[in-house]
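The values are calculated or read from the model by the stated rules, or taken from the named source; none is laboratory data. Since this is a predicted model, take the numbers as computed values, not measurements. Cβ: placed from backbone, ideal geometry, glycine included. Neighbour counts: every protein chain shown.
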Amino acid sequence: MRIDKFLWHTRYFKTRNIASTACKKGHVRINDQVVKPSREVYPMDKIFVRKNQINYQCTVLDIPKNRVGPKLVDIFRKDTTPATAFENQELIKHAKNHYRKKGTGRPTKKDRREIDDYLDDESE
């Protein structure tokens, strides 16, 4: 089975087109080799997928015939992604909120004036 098809069947990607694009960009590796979307997948291959700043790792156990439901995915792959990858994602999320709250956008004119006044007062 093709790697893009396998990733779509095992629900790593929402569409097969997105899976193909990820392969073309070099976000998918099999046994530490960057692969094209047409690369065949065999049982016991180790797959590495970079998605949403997380490096997912899995081992192919079997090849599905159709797209499988979320509960049946573990029959066809063994997820070996380390827990630290998900912890790093949480840290990145909290770091972004530290600088500026989500949804506030660029500083308004009033915000800009307050910043300038603060900086002027600080320099005196």
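Can Arg39 be described as touching a residue at least 60 places away in the same chain (Cβ under 8 Å) and touching a helix residue (DSSP H, G or I) at 6+ places or on another chain (Cβ under 6 Å)? Explain how you work it out, then say what you get.
Details: touching a residue at least 60 places away in the same chain (Cβ under 8 Å): no; touching a helix residue (DSSP H, G or I) at 6+ places or on another chain (Cβ under 6 Å): yes.
No, not satisfied.
Summed over the stretch 8-26, residues that are out of contact with any Leu (no Cβ under 8 Å at 6 or more places or on another chain) and of a type in the set (Gly, Ala, Ser) total 2.
Within the stretch 102-118, if we keep just the residues that are exposed (fewer than 11 other Cβ atoms within 10 Å of the Cβ) and under 28 Å from Asn52 (Cα atoms), the residue that is modelled with the lowest pLDDT turns out to be Lys102.
Residues in the stretch 1-11 that are surrounded by fewer than 20 Cβ atoms within 10 Å (Cβ to Cβ) and in a loop (DSSP other than H, G, I, E, B): Met1, Arg11. Here is a check on your reading of the model: is Tyr12 closer than 21 Å to Gln89 by Cα, touching a residue at least 24 places away in the same chain (Cβ under 8 Å) and in contact with an Asp or Glu (Cβ under 9 Å, 6 or more places away or on another chain)? No. Listed by first and then second residue, the pairs with beta-carbon distance under 8 Å, at least 6 apart or on different chains, first residue in the stretch 53-79 and in the same structural domain as Arg16 (by TED's automatic domain parsing), second among the basic types (Lys, Arg) and in a loop (DSSP other than H, G, I, E, B), are Arg67/Arg11; Val68/Arg11; Pro70/Arg11; Val73/Arg11.
Conditions tested, residue by residue: (1) under 17 Å from Phe13 (Cα atoms); (2) at pLDDT 85 or above; (3) acidic (Asp, Glu).
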position	(1), (2), (3)
Val60	yes, yes, no
Lys71	yes, yes, no
Ala85	no, no, no
Glu90	no, no, yes
Lys96	no, no, no
Arg100	no, no, no
Asp120	no, no, yes
Glu124	no, no, yes
